Amino acid sequence: MLRNTKGFTLIELLIVVVIIGILAAIAIPKFASTKEKAYMATMKSDLKNFVTAEESYFADNNTYGAYAAVNGAGLFTATKDVTLVTAAVTATGFQATATHIGAPAKTCGVYVGAAGSPNAAVVNEGEVGCW
């Protein structure tokens with residue numbers, strides 16, 4: 001009597017499941033930091049936009065404004081869940097830092113003019129650095 005043998009054996013199916021499991025174990029850690037990278041990009045973008053708003057404010061008033069003044073004037077509003085804090089705001093410079101609710105252990109910062117760097121990670125004036 002001849003048998004019709006169509007389909008997969010149990011061993012073949014188990015081998016496929018094991019291979020998929022190995023691939024998933026390799027791929028998942030690579031994508032684990034994707035959200036944090038997105039949060040960091042959001043903070044960097046907000047700081048760059050903030051510098052642009054401060055420079056615009058400086059062009060109009062010949063002095064740098066505090067974050068509240070610039071935000072109140074409608075020149076800059078931080079992205080949702082990003083907290084932007086300014087320090088050392090003077091007529092000739094400022095520094096600002098940004099944090100995100102989703103990445104509480106990470107901070108980004110920038111400085112312009114005589115304010116000085118908020119952290120050793122921020123090396124060049126006007127360039128955003130993160131730590």
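The values are calculated or read from the model by the stated rules, or taken from the named source; none is laboratory data. Just so it is clear, the structure is predicted and the values come from calculations on it, not from any experiment. In this analysis, Cβ positions are derived from the backbone assuming ideal geometry, glycine residues included, and neighbour counts consider all displayed protein chains.
Among the numbered criteria (1) polar (S, T, N, Q); (2) within 16 Å of A98 (Cβ to Cβ); (3) under 11 Å from the mean Cα position of the chain (by Cα), which single criterion is violated by T34?
Unmet for T34, out of (1) polar (S, T, N, Q); (2) within 16 Å of A98 (Cβ to Cβ); (3) under 11 Å from the mean Cα position of the chain (by Cα): (2).
When you look at V110, is it in contact with a strand residue (DSSP E or B) (Cβ under 8 Å, 6 or more places away or on another chain), among the hydrophobic types (A, V, I, L, M, F, W, C), in a loop (DSSP other than H, G, I, E, B) and at pLDDT 90 or above, yes or no?
Against the criterion (in contact with a strand residue (DSSP E or B) (Cβ under 8 Å, 6 or more places away or on another chain), among the hydrophobic types (A, V, I, L, M, F, W, C), in a loop (DSSP other than H, G, I, E, B) and at pLDDT 90 or above), V110 does not qualify.
To keep it simple, each residue is scored yes or no on (1) in contact with a strand residue (DSSP E or B) (Cβ under 9 Å, 6 or more places away or on another chain); (2) among the small types (G, A, S).
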site: V89; (1), (2): yes, no
site: F94; (1), (2): yes, no
site: I101; (1), (2): yes, no
site: P104; (1), (2): no, no
site: A114; (1), (2): yes, yes
site: N119; (1), (2): yes, no
site: V122; (1), (2): yes, no
site: V128; (1), (2): yes, no
site: W131; (1), (2): yes, no
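Six or more apart or on different chains, Cβ atoms under 7 Å: show the pairs whose first residue is in segment 7-26 and acidic (D, E) and whose second is assigned to a helix (DSSP H, G or I).
none
In segment 82-106, what count of residues is obtained for those that are more than 15 Å from the chain's Cα centre (by Cα) and hydroxyl-bearing (S, T, Y)?
Final tally of qualifying residues: 3.
Condition test on T34, is it of a type in the set (S, T, Y), within 30 Å of P104 (Cα to Cα) and loosely packed, with under 10 Cβ neighbours inside 10 Å?
The answer is yes for T34.
What are the residues in segment 8-31 that are within 25 Å of the chain's Cα centre (by Cα) and β-branched (V, I, T), if any? Walk me through it before giving the result.
As a first pass, look at segment 8-31 and keep what is within 25 Å of the chain's Cα centre (by Cα): 26-31.
Within segment 8-31, I26, I28 qualify.
Just to verify a result, which residue in segment 45-72, among those that are of a type in the set (S, T, N, Q), at pLDDT below 90 and more than 13 Å from V112 (Cβ to Cβ), is surrounded by the fewest Cβ atoms within 10 Å (Cβ to Cβ)?
N62
Within segment 87-94, does at least one residue satisfy the condition of being surrounded by 13 or more Cβ atoms within 10 Å (Cβ to Cβ), in contact with a helix residue (DSSP H, G or I) (Cβ under 7 Å, 6 or more places away or on another chain), at pLDDT 90 or above and more than 21 Å from S33 (Cα to Cα)?
Yes, segment 87-94 has at least one match.
If M40 satisfies all but one of (1) free of Cβ contacts under 8 Å to residues at least 60 places away in the same chain; (2) assigned to a helix (DSSP H, G or I), what's the number of the condition it fails?
It fails just one condition, (1).
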